[in-house]
Amino acid sequence: MAADVGGSEDPPAGVLDEAAAAFGLLASSARLHIMWALAQSESDVTHLAVRVGGALPSVSQHLTKLRLAGLVRSRRDGRRQVYYVDDPDIVTVVRLMVGQLTARAEGASAPAGRLRETGA
């Protein structure tokens, strides 16, 4: 029996495990920044490293983890490997979370560090 998304039924344990793994990967600010950038537009690793301010090998390793988890995909474009987010739901989650925290920080109604202070 499928869970009613947003309803009162609990999702199956496998779904919760998969969601926890995805959120675990996004718990890294570097990987979240990469996901944010890829949610805006596809990119190769070189341009992505410049955009997120990371070292090329580090960004490449993060992309490998995200790709293996199915959160990003890649395709060949000549000699470049281009990365993108192919799942609109992942894009929505990333944009919603980052957007809400940005709005709160700009409105000073809740400091952005509040979640870190709670251990979340």
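Inside the stretch 22-53, residues that are more than 10 Å from Tyr83 (Cα to Cα), modelled with pLDDT of 95 or more and in a loop (DSSP other than H, G, I, E, B) make up a count of 1.
Filtered by the rule that a residue be under 14 Å from Ala22 (Cα atoms) and either without any contact (Cβ under 8 Å) to a residue 40 or more places away in the chain or touching a Ser or Thr at 6+ places or on another chain (Cβ under 7 Å) (or both), the stretch 68-91 gives Leu68, Gly70, Val72, Asp87, Asp89.
Among the residues in the stretch 66-83, are any assigned to a helix (DSSP H, G or I) and open to solvent by 50 Å² or more (accessible area, probe 1.4 Å)? It would help to see each step written out before you state the result.
Within the stretch 66-83, the first condition is being assigned to a helix (DSSP H, G or I), and the residues that meet it are 66-68.
Retained after the next criterion (residues that are open to solvent by 50 Å² or more (accessible area, probe 1.4 Å)): 67-68.
Scanning the stretch 66-83 turns up at least one residue that is assigned to a helix (DSSP H, G or I) and open to solvent by 50 Å² or more (accessible area, probe 1.4 Å).
Would you please name the residue that is nearest to Glu18 (Cα to Cα), looking only at residues in the stretch 36-65 that are touching a residue at least 12 places away in the same chain (Cβ under 8 Å) and open to solvent by 80 Å² or more (accessible area, probe 1.4 Å)? Ranking the qualifying residues of the stretch 36-65, first place goes to Lys65. Only one of the numbered conditions (1) open to solvent by less than 60 Å² (accessible area, probe 1.4 Å); (2) free of Cβ contacts under 8 Å to residues at least 60 places away in the same chain is not met by Val98, and that is (2).
Filter the stretch 1-20 for residues that are aliphatic (A, V, I, L, M) and at pLDDT 90 or above and give the result. Scanning the stretch 1-20 gives Ala13, Val15, Leu16, Ala20.
The values are calculated or read from the model by the stated rules, or taken from the named source; none is laboratory data. Treat the numbers as computed from the prediction; the structure is a model and nothing was measured. Glycine gets a Cβ as well: all are built from the backbone with ideal geometry, and neighbour counts include every protein chain shown. We work out accessible area using only protein heavy atoms, side chains counted, and drop any ligands, DNA or RNA first. Shrake-Rupley method; radii C 1.70, N 1.55, O 1.52, S 1.80 Å.
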